[in-house]
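> Next up is a structure, given as structure tokens.
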């Protein structure tokens, strides 16, 4: 259960990080924004191509999964706990994603775009 929650959290953060910052420009249309964003993204990808890196999402662990009981020669049972091995979980991320977003933001601001909040 913990692993599922952790995986869902990582996916949610990854998706949230992919949402571009909203920018405005006086007199510009959505088509103008889309064209400027596409041009700036192409420039950013040319400067910083994808650099996938592997990271550990969750470490390996063992969990108890009941008991193994075997009848012994005295008529009683010898019981030992059963352990289940769970290997580590790995994910990948693009090490250059944040750098590309910085390049896109700078490119957009050079073209007269500003953040929607005005900063």
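We did not get these values from a lab; they are worked out from the coordinates using the rules stated. Because the structure is predicted, anything quoted here is derived from the model rather than measured. Note: ideal-geometry Cβ built from the backbone for every residue, glycine included; neighbour counts use all protein chains shown.
> In what order do 85, 45 fall by count of nearby beta-carbon atoms within 10 Å, going from fewest to most?
Going from sparsest to densest Cβ surroundings: 85, 45.
> For 73, 117, what ranking results if the residue with the fewest other Cβ atoms within 10 Å of its Cβ goes first?
By the 10 Å Cβ count, ascending: 73, 117.
> Also: Between residue 47 and residue 76, what is the label-point separation in nm under the 7 Å Cα-to-beta-carbon projection?
7.5 nm
> On average, how much area does the Cα convex hull of the range 21-91 cover when viewed from any direction, in nm²?
9.0 nm²
> Can you give me the Cα centroid spacing of the range 41-58 and the range 77-119 in angstrom?
The distance from the Cα centre of the range 41-58 to that of the range 77-119 comes to 10 Å.
> While we're on this one: Within the range 69-103, which residues have the backbone N less than 17 Å from the label spot 7 Å out from residue 60 along Cα→beta-carbon, could you tell me?
Residues 83-91 qualify, since their backbone N sits under 17 Å from the label point.
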